[in-house]
Amino acid sequence: MPYITKSERNKAFENVLPSAGVLNYAVHQLINEYFEQNNRNYQTINDVVGVLECAKMELYRRMGAEYEEIKILQNGDCRPYTTWLKDKHKFK
């Protein structure tokens with residue numbers, strides 16, 4: 001849980017997100033609303049964890065991976081990826 005100042009917490013409610021801490025707080029507030037509207041049980045916890053995991057994976061798949069591909073083209077790749085397929089004869 002991000003332990004941010006009260007003035008930073010207010011920013012989250014105004015959709016002003018100047019830092020990762022405020023973003024984290026805003027996400028926690030949204031999760032809290034979900035808990036308030038649903039049963040507080042294992043299933044709800046599981047639902048929230050599943051949503052967070054899927055959101056994380058989709059964000060990386062759609063934005064992170066593409067960004068990394070651009071940077072590889074700009075700056076070149078690094079090991080072990082540069083040798084991974086070149087040395088495929090070593091796989092058994």
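Laid out as a table, the results:
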item	result
Assigned charges on the beta-carbon of Lys, Arg, Asp, Glu; the chain dipole about Cα centre (debye)	500 debye
Candidate aspartates and glutamates - alpha carbon under 18 Å from LYS11, same-chain residues fewer than 8 apart omitted	GLU33
Accessible area per residue, Å², the chain with all protein chains present, probe 1.4 Å	88 Å²
C-alpha long axis of helix 65-75 to longest principal axis of the chain, angle in °	40 degrees
Surface share of carbon and sulfur [accessible, 1.4 angstrom probe, percent] for the chain	57 percent
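The values are calculated or read from the model by the stated rules, or taken from the named source; none is laboratory data. Just so you know, these numbers come straight off a predicted model, no measurement behind them. Here the Cβ is made from the backbone with ideal geometry for all residues, glycine too, and neighbour counts use every protein chain on show. When the accessible area is computed, the model is the full protein with side chains, heavy atoms only, and any ligands, DNA or RNA have been set aside. Shrake-Rupley method; radii C 1.70, N 1.55, O 1.52, S 1.80 Å.
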